[in-house]
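Here's the structure we're looking at; comments come further down.
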Amino acid sequence: MEIGNRVKFLAGNERKLGTITSKKGRLLRVKGDDGKLYINTKKAGTKGAFVKNIKMQNFGIMVFDTRLDSGFRSKRQTAHFFEEYAYHAHWGFAAERIHNIESLKYFMEKRQIPGEIIIFSGHGHEKAGFSFCDGPMLNEETVIAPRKDNYGKILIFSSCLLGSNANLCMGLLEKFKAKALITYKTEMFDQYCFLAETFLLQILAHNEPPKHAVDLVNKALKPMKNYVQKSIKTFPMVCFPD
């Protein structure tokens, strides 16, 4: 294990995730996603709560799928695609179908979300936000209070247009206490989302910073920019904070 590696461990009877911040021989210091400092020794004079059995945390993704139409005709599920991809990439994977803000709040506030990445798949609007099939849309006005071990995630909104509204995206970033928010600033099609996001995930899995990962995706997919929308100068993936 090295500095910067993601790890999992037990603090008392509670499962935690964190990042190694220093290493000296077998001594590891870990900053938990809850903001606390942990250490794997009881030696006097060392700062941090003692924990044992620090283990590597495999890269993983959580997909929140929404239903795209009210008539139950759509068979589209992003989760099916990413489940197969994650299996072959040897990543952790979990998915849930969510229908409204209340179901999202349940998972963010009551359950520990596995993995580093949360993918939200559904319709987006540059002013109203992310759409559910039932009830209000998700935006910077939404009241949500994630549990502390769900802080620090990288959010990917696989949605149209959200990225064209910086205030909306920065508001969601703050609401979720996230490390980064990645989305698109134009209309998008599934085939290009899947292509861009699998490329993005591979880069993130190798511990590249989110903004750098997005820059690499946009550079690599620049030849396809006008497949998405005419007259744009770059592939339209964006990262917040920029």
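(1) in contact with a strand residue (DSSP E or B) (Cβ under 8 Å, 6 or more places away or on another chain); (2) of a type outside the set (Lys, Arg); (3) surrounded by fewer than 18 Cβ atoms within 10 Å (Cβ to Cβ): which one isn't true of Asn139, the others all being true?
Every listed condition holds for Asn139 apart from (3).
Inspect segment 33-41 for any residue being at pLDDT below 80 and in contact with a helix residue (DSSP H, G or I) (Cβ under 6 Å, 6 or more places away or on another chain) and give the result as yes or no.
Yes: segment 33-41 contains one or more residues that are at pLDDT below 80 and in contact with a helix residue (DSSP H, G or I) (Cβ under 6 Å, 6 or more places away or on another chain).
Taking segment 43-54, which residues are surrounded by fewer than 17 Cβ atoms within 10 Å (Cβ to Cβ) and not in a loop (DSSP other than H, G, I, E, B)?
Taking segment 43-54 as the starting set, the residues that turn out to be surrounded by fewer than 17 Cβ atoms within 10 Å (Cβ to Cβ) are 43-47, 49-50, 52-53.
Within segment 43-54, Ala49, Phe50, Lys52, Asn53 meet the criteria.
Restricting to segment 201-234, name every residue that is assigned to a loop (DSSP other than H, G, I, E, B), within 24 Å of the chain's Cα centre (by Cα) and surrounded by fewer than 18 Cβ atoms within 10 Å (Cβ to Cβ).
Selection gives His206, Asn207, Glu208, Pro209, Thr234.
Considering segment 21-42 alone, what residues qualify as being in a strand (DSSP E or B) and either in contact (Cβ under 8 Å) with a residue 24 or more places away in the chain or within 17 Å of Arg111 (Cα to Cα) (or both)?
Within segment 21-42, Leu28, Val30, Gly32, Tyr38 meet the criteria.
Listed residues Leu173, Leu195, Leu168; which is part of a helix (DSSP H, G or I), within 14 Å of Met224 (Cα to Cα), hydrophobic (A, V, I, L, M, F, W, C) and out of contact with any helix residue (DSSP H, G or I) (no Cβ under 6 Å at 6 or more places or on another chain)?
Leu195
Given (1) over 17 Å from the mean Cα position of the chain (by Cα); (2) more than 30 Å from Asn40 (Cβ to Cβ); (3) hydrophobic (A, V, I, L, M, F, W, C), identify the lone condition not met by Met56.
Only one criterion is unmet by Met56, namely (2).
The values are calculated or read from the model by the stated rules, or taken from the named source; none is laboratory data. These figures come from a predicted structure and were not determined experimentally. Please note: Cβ atoms are built from the backbone with ideal geometry, for glycine as well, and neighbour counts cover all protein chains shown.
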